[in-house]
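**Student:** Attaching a single structure in structure tokens format; questions to follow.
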Amino acid sequence: MKIVFMGTPDFAVASLDALVQANFDIVAVVTAPDKPAGRGQKLNESAVKKYAVEHSIPVLQPEKLKNPEFLEALKSYQADLQVVVAFRMLPEVVWNMPPKGTINLHGSLLPQYRGAAPINHAIINGEKESGVTTFFLTHEIDTGDIILSDRTPIGDDETAGELHDKLMVIGANLLVKTVTAIASGDFTEQPQPQSDELKHAPKIFKEDCKIDWNNPSAKVHNLIRGLSPYPTAFTMLNEKTLKIFKAEHENTEPAIAAGGFLTDGKTYLKFATKDGFIKLMDIQFEGKKRMLIEDFLRGMRL
């Protein structure tokens, strides 16, 4: 069975590698075009492209997915199946091309958390469980028939980065099981359950990352976890941005207004919320590198 793999970041590399290690025939990879990055604006290759080049897999990097030259090149590989992991939205002319269809690995337990940022939103909403789902692509995003899913608990202090790394491995294993099932024809498709109580996972913008200290401590703590390490929750301190990567929440009644802070200038800095405090542990102050709170306080007078 010939497979074309589509993906861009590290999350996708684990799945691509798992398919290669399982001896599936990956005839080509489709990934994002190289982008200038850093001070020298040197062209940066995607993680998937780097892996493909190292393993001598042909690479396609279309700017536009409806480009006739790209479509001809894609068709020439005569793939039986296309596999998508952390890539962009595909037009029908692409996802409908292979005879066995196009499958996607999504970082949530569908139908919950359809959208661009399922891992972040699951933690922001205080979920106790997450998972991965494989499904066939169709017209509407993340709505196709489910093939397989696997679940995992979310720890009380687990960050989006930690859950990402966990789901990356679980997802790669699930994808191998899915492709194996499709190759043998031994699988059943399940339509996604219809519900009016679906939680969504839209793209996260900078304004979504600013902490509202009028919220309860648990909600603020979940926001910090759900945005760590990227794009990172932040607040303002001395008119500068303070990013917070890790914190603890205290449910002691605050004696100061929400948004105010207490510090001993040496070991702790905590901000008041609606019903307690958020004690900062791992931060980055504007213009400085990321550091533990003790190191920050040692060089900063508040």
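**Student:** For the pair Met89 and Phe187, what calculated FRET efficiency results from E = 1/(1 + (r/R0)^6), where r is the Cβ-Cβ distance and R0 = 25 Å, to the nearest 0.05?
**Tutor:** 0.55
**Student:** Between [x] -0.26, -1.27, -1.44; [y] -0.35, -1.27, -1.36; [z] -0.34, -1.13, -1.22, which matches log10 I(q)/I(0) by the Debye sum over Cα atoms at q = 0.07, 0.15, 0.16 Å⁻¹ calculated for the structure shown?
**Tutor:** Matching the structure shown: [z].
**Student:** So the label point goes 7 Å from the Cα of Lys66 along Cα→C-beta, right? Which residues of segment 89-104 then have their backbone N under 17 Å from it?
**Tutor:** 89-97
**Student:** Given a Förster distance of 45 Å, report the FRET efficiency between Asp80 and Asp264 from their Cβ-Cβ distance, rounded to the nearest 0.05.
**Tutor:** 0.10
**Student:** Which GluC sites (Glu not before Pro) from segment 63-98 combine a DSSP loop assignment with at most 15 other Cβ atoms within 10 Å?
**Tutor:** Sparse-neighbourhood loop GluC sites (Glu not before Pro): Glu63.
**Student:** Still on this structure, please answer the following. For a 20 Å ceiling on Cα separation, which of these pairs sit above it: Lys50/Lys100; Lys2/Lys64; Lys100/Lys166; Lys66/Lys177; Lys206/Lys246; Lys50/Lys203?
**Tutor:** From Lys50/Lys100; Lys2/Lys64; Lys100/Lys166; Lys66/Lys177; Lys206/Lys246; Lys50/Lys203, over 20 Å: Lys50/Lys100; Lys2/Lys64; Lys100/Lys166; Lys66/Lys177; Lys50/Lys203.
**Student:** Once both labels are modelled 7 Å past Cα along the beta-carbon direction, what's the Lys50-Lys199 spacing in nm?
**Tutor:** Calculated label separation equals 3.3 nm.
**Student:** Nothing charged except the Cβ atoms of Lys and Arg (+1) and of Asp and Glu (-1): what's the magnitude of the dipole of segment 1-155 about its Cα centre? Round to the nearest 20 debye.
**Tutor:** The dipole of segment 1-155 has a size of about 340 debye.
**Student:** I would also like to ask the following. Determine the percent antiparallel among the DSSP beta bridges restricted to the chain, to the nearest 5.
**Tutor:** 65
**Student:** At 222 nm, what helix-only mean residue ellipticity would the chain give, in deg cm²/dmol to the nearest 500, using -39500 (n - 2.57) for each DSSP H run of four or more?
**Tutor:** -8000 deg cm²/dmol
**Student:** Please sort by residue number the chymotrypsin sites (Phe, Trp or Tyr not before Pro) in segment 152-219 whose DSSP state is loop and whose Cβ has at most 10 other Cβ atoms within 10 Å.
**Tutor:** Answer by residue number: Phe205.
**Student:** Something else about it: Which helices of the chain meet both criteria: a Cα extent of 27 Å or more along the helical axis and a mean Kyte-Doolittle score no lower than 0.5, with helices taken as whole DSSP H segments?
**Tutor:** In the chain, the long hydrophobic H runs are 160-184.
**Student:** Would you mind computing, in nm to one decimal, how far apart the modelled labels at Ala22 and Val59 are, each placed 7 Å from Cα along Cα→Cβ?
**Tutor:** Here the answer is 2.4 nm between the modelled labels.
**Student:** In segment 34-91, which trypsin sites (Lys or Arg not before Pro) are in a loop and have at most 15 other Cβ atoms within 10 Å, using DSSP for the loop call?
**Tutor:** Passing both the DSSP loop test and the Cβ count: Arg39, Lys64, Lys66, Arg88.
**Student:** Now a separate question. Residue separation times 0.36 nm, minus the C-alpha to C-alpha distance between Asp150 and Leu302: what's the value?
**Tutor:** Answer, rounded to one decimal: 50.0 nm.
**Student:** Turning to a different aspect of this structure: Quote the charge dipole size of segment 90-206 about the Cα centre in Debye, to the nearest 20; the model charges only the Cβ of Lys and Arg (+1) and of Asp and Glu (-1).
**Tutor:** Here the size comes out at about 260 debye.
**Student:** Between Glu253 and Asn173, how high is the FRET efficiency from 1/(1 + (r/R0)^6) when r is the Cβ-Cβ distance and R₀ = 45 Å? Nearest 0.05.
**Tutor:** Once rounded, the FRET efficiency stands at 0.45.
**Student:** Expressed as a rounded percentage, what relative contact order does the chain have, with Cα pairs under 8 Å and six or more residues apart?
**Tutor:** 13
**Student:** Rounding to the nearest 20 debye, state how big the charge dipole of the chain is about its Cα centre with +1 on each Lys and Arg Cβ and -1 on each Asp and Glu Cβ.
**Tutor:** Computed charge dipole of the chain: roughly 1040 debye.
**Student:** May I ask which residue of Phe70, Ile26, Leu16 lies farthest towards the positive end of the charge dipole of segment 1-111, with charges of +1 (Lys, Arg) and -1 (Asp, Glu) on Cβ and the Cα centre as origin?
**Tutor:** Going by the charge dipole, the pick is Phe70.
**Student:** Write down, largest first, the equivalent ellipsoid semi-axes of segment 75-126 in whole Å, where each equals the square root of 5 times an eigenvalue of the alpha-carbon gyration tensor.
**Tutor:** 28, 9, 8
Every number in this text was worked out from the coordinates using simple rules, so none of it is lab data. Keep in mind the model is a prediction, meaning the values are calculated, not measured. When we count neighbours, we look across all protein chains shown, and the Cβ atoms used for this are built from the backbone with ideal geometry, even at glycine.
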